[in-house]
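Undergrad: The structure's right below; bear with me while I get my questions together.
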Amino acid sequence: MELTSRERILKAFALEEPDRVPCSPWGFPAWFDKLGKDYSEKIIKNTDVLVAVRTGSKAETWIGGELANIHRRETTEDGNIREIIETPQGPLYATIKPTGDHVDWYIEHFFKDETDVEKFLSIPYKPLKIPMDDFHKWDKFIGDEGLVLGEISNPFYCSAYYFGTEENLLQTYVNKDMIIRLLDAVIERVCDVIKNASKQGVKAWRIIGAEYASTRVLPPKLFREFIVKYEKKIVDTIHECGGIAFMHMHDKMYDLIDDILEIGPDAIDPLEAPPGGDIDLATAKKRMGSQICLVGNIDEMLILSTADKNEVERLSKDCIRAAGYGGGYILGGTASGLFNPQTMDNFLVMAEVCKKHGKYPLKL
Amino acid sequence: MSTIENLKDAVISGNDSQVKEYAEQALTEELDVSVIFNSLIAGMNHIGTRFKNNEVYVPEVLMAARAMHAGLNVLKPLITEKNMEKNGTVLIGTVQGDLHDIGKNLVLMMVEGAGYDVVDLGIDVPTDQFIMAVEKYEPKVLCMSALLTTTMPAMAEVIDALSEKGLRDKVKVIIGGAPVNQKYADQIGADGFAPDAGRAVDKVNEVVLGS
């Protein structure tokens, strides 16, 4: 009997064999706007789409409370956006260059040094009243044709976001205690969002930010200090609320597999192969497949945006052979967030491969 | 240990206050500016090699670069073209529409550490700005970075613009960034592609020095 996309994905997350291997492009609300109606409908109808919706903006999650009183944006004379957070110890300033993209491009970050972190931590915290409208709207819209997850970032993402990637990396060496103080404060706020949003209907969570401490940029021991401790708490909180924890991590992660197993998520993506990452899917299946559902691993930027149908079919079959046996695998890309038409056409090719060659029991 | 050896070690350990101290001490000892400069470069080059070999990580490179610049600031009033042998000028920038910079910045630090004068054009650099900079600085190499498939085409535009202006054979073009690969470099007529900062230095040396 054919399952719905939602059922198919949930069986894969539970490390069971669904009717066939799911094929799941990853999207988020702005991504569907950029795709346009035609492609959006095709992707939703023909794949088992995963959609991540934030339950509150980054500022709302990390600051909490009555955000309207302390956080605002203004347009500057040169057309940029000035972002201001008022704190008991004085304001924090950042500058965004508008590009028409869905991403906020910061050209000046809130945190320049430790005094800015102290200012941020001086803001009295109270749990946020979670804005759930967007989540419910998308959950209803996607329905059984995919799965909508709440998106939450780990505390190290906050540090990287507010310092900027480069300065954040420097601060991990020159002022580690300050970073830890920040992470210790933010993790409580993150867990509050999870608990409150879970009560209001979020059943699965996508956790982002681990790649800010990948082994491309930091030694493995700092991944343990900045990611494992906090992300494990996030996963445990999600599980206590009866939810599914989906860990997202770009970049190199092979040397961190034992740490990821310790964090204990139910699923992980995008498992990037070289050159973006260092994952061989068959090896990942052997090391993690009995505990974690694997999602990915076909590169969107270098492959799906340029490859022809035959190449995509070949790679899709390779992935299914490598990780599909026994269930617990979802064929996917590398969550680039980009919407090149050829990439979308290739996702439809991948979905066809799953329909023709991904039925359980696998015969590939 | 000599002051020069201490200076190099201070760059390697990323200690900018010590680098400043040793650079000033070296001047007090009336050491040649070029010797002091080369010691700074040697320290940065050492870190660059270790980074390429995955023995150190991005923070060590950032700290060494900042330390090296602390030393360069001490020498700046005394530096003239004749004092140091440099390998040439390299321009670097992230293409128009793209605001990613950490990869570009790492390449900048490593290429400086390899003894080149590097001019940083920044991020979101329009094509005409790349062309004006090539005309002004007459670099040996132009390095372009893009992290999105949507901004990569700007690299081809710059190369075409260089040809139109009669500048293409005067500068080598090396490209890099997550969506970029050798195939794309060949397609648009770039002279080289570097998959990461460590190999960018090798590529610059290859096109400039033939090594």
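Values in this text are rule-based calculations from the coordinates and carry no lab data. Computed from a predicted model, the values in this text were never measured in an experiment. We place every Cβ from the backbone using ideal geometry, glycine too, and count neighbours over all the protein chains shown.
Undergrad: With θ taken as phi - 60° and the coefficients 6.51, -1.76 and 1.60, list the Karplus ³J(HN,Hα) couplings across the stretch B:178-192 in order, rounded to whole Hz; mark glycine and proline as x.
TA: With coefficients 6.51, -1.76 and 1.60, one gets 3, x, 8, 8, 4, 4, 5, 4, 5, 4, 9, x, 6, 7, x Hz.
Undergrad: Checking the a/c ratio against 1.5 first, then a/b against b/c, what shape does the Cα gyration tensor give for the stretch B:1-97?
TA: Note, shape of the stretch B:1-97 comes out oblate.
Undergrad: Taking the beta-carbon count within 10 Å as an exposure proxy, list B:M144, A:M344 from fewest neighbours to most.
TA: A:M344, B:M144
Undergrad: For the stretch A:238-331, give the magnitude of the charge dipole about the Cα centre (Cβ charges: +1 Lys/Arg, -1 Asp/Glu; no others), in debye to the nearest 20.
TA: 440
Undergrad: When you take every Cα atom in the stretch A:7-74, what is the radius of gyration, and what is Dmax, the widest Cα pair distance, in Å?
TA: 17.3, 52
Undergrad: Right, here's the next one. Set Lys and Arg Cβ to +1 and Asp and Glu Cβ to -1, take the dipole of chain A about its Cα centre, and tell me which of A:I63, A:L348, A:V174 lies farthest positive.
TA: Checked the options; the winner is A:L348.
Undergrad: Now a separate question. Which value, in debye to the nearest 20, describes the size of the charge dipole of the stretch B:68-211 about its Cα centre when Lys and Arg Cβ atoms bear +1, Asp and Glu Cβ atoms bear -1, and nothing else is charged?
TA: Charge dipole, the stretch B:68-211, about its Cα centre: 280 debye, nearest 20.
Undergrad: Name the residue, out of A:D78, A:D144, A:D133, whose mean-square fluctuation peaks in a Gaussian network model built on chain A with Cα pairs under 10 Å.
TA: In the Gaussian network model the winner is A:D78.
Undergrad: Determine the principal axes of the Cα atoms in the stretch B:41-105, then give the extent along each, sorted from largest to smallest and rounded to whole angstroms.
TA: For the stretch B:41-105, the Cα spread along each principal axis is 36, 33, 20 Å.
Undergrad: Also, quick follow-up: Based only on the alpha carbon positions, what is the Kirkwood hydrodynamic radius of the stretch B:1-55, in angstrom?
TA: 11.2
Undergrad: Give me the Kirkwood hydrodynamic radius of the stretch A:8-159, using the inverse of the mean 1/r over all pairs of distinct Cα atoms, in Å to one decimal.
TA: Answer for the stretch A:8-159: a Kirkwood hydrodynamic radius of 18.1 Å.
Undergrad: Once Lys and Arg get +1 and Asp and Glu get -1 on their Cβ, which of B:F37, B:L75, B:V118 lies farthest toward the positive end of the dipole of the stretch B:5-140?
TA: B:V118
Undergrad: Would you mind computing the Rg to Rh ratio of the stretch A:296-364 from its alpha-carbon coordinates, Kirkwood style for Rh?
TA: Rounded to two decimals, Rg/Rh equals 0.96.
Undergrad: Another question about this same structure. For a protection proxy built on the mean count of beta-carbon atoms within 10 angstrom, sort A:167-178, B:102-113, B:171-182 highest first, please.
TA: So the peptides A:167-178, B:102-113, B:171-182, ranked by packing, come out B:102-113, B:171-182, A:167-178.
Undergrad: Let me ask something else. How compact and how long is the stretch A:231-324, expressed as Rg and Dmax of its alpha-carbon atoms in Å?
TA: Reported Rg and Dmax, both Å: 14.2, 45.
Undergrad: Something else: Just name one of A:T215, A:G264, A:L302: the one whose Cα is farthest towards the positive end of the charge dipole of chain A (beta-carbon charges, Lys/Arg +1, Asp/Glu -1).
TA: After comparing all options, I get A:G264.
Undergrad: When the Debye formula is applied to the Cα atoms of chain B, each taken as the same point scatterer, what base-10 log of I(q)/I(0) results at q = 0.08, 0.09, 0.11, 0.15 Å⁻¹?
TA: Listed by q, the Debye log ratios stand at -0.28, -0.36, -0.52, -0.91.
Undergrad: Rounding to the nearest 20 debye, state how big the charge dipole of the protein assembly as shown is about its Cα centre with +1 on each Lys and Arg Cβ and -1 on each Asp and Glu Cβ.
TA: Using only the charged Cβ atoms, the result is roughly 1560 debye.
Undergrad: If I take the Cα coordinates of the stretch B:27-67 and project them onto the principal axes, what are the three extents in Å, biggest first?
TA: Extents along the principal axes, in whole Å: 37, 16, 10.
Undergrad: What do the square roots of 5 times the Cα gyration tensor eigenvalues come to for the stretch A:248-287, in whole Å, largest first, as semi-axes of the equivalent ellipsoid?
TA: Result for the stretch A:248-287: semi-axes of 15, 11, 9 Å.
Undergrad: Continuing with this model, one more query. Against the empirical 2.2 N^0.38 Å scaling, what ratio does the C-alpha Rg of the protein assembly as shown come to?
TA: 1.02
Undergrad: Using a Förster distance of 22 Å, how high is the FRET efficiency between A:T75 and A:K129, based on the Cβ-Cβ distance and rounded to 0.05?
TA: 0.20
Undergrad: Using a Gaussian network for chain A with springs between C-alpha atoms less than 10 Å apart, which of these wobbles most: A:A59, A:A14, A:A245?
TA: In this elastic network of chain A, the residue with the biggest mean-square fluctuation among A:A59, A:A14, A:A245 is A:A59.
Undergrad: Rg to Rh ratio, the stretch A:148-263, alpha-carbon atoms and Kirkwood radius?
TA: Ratio value, two decimals: 0.96.
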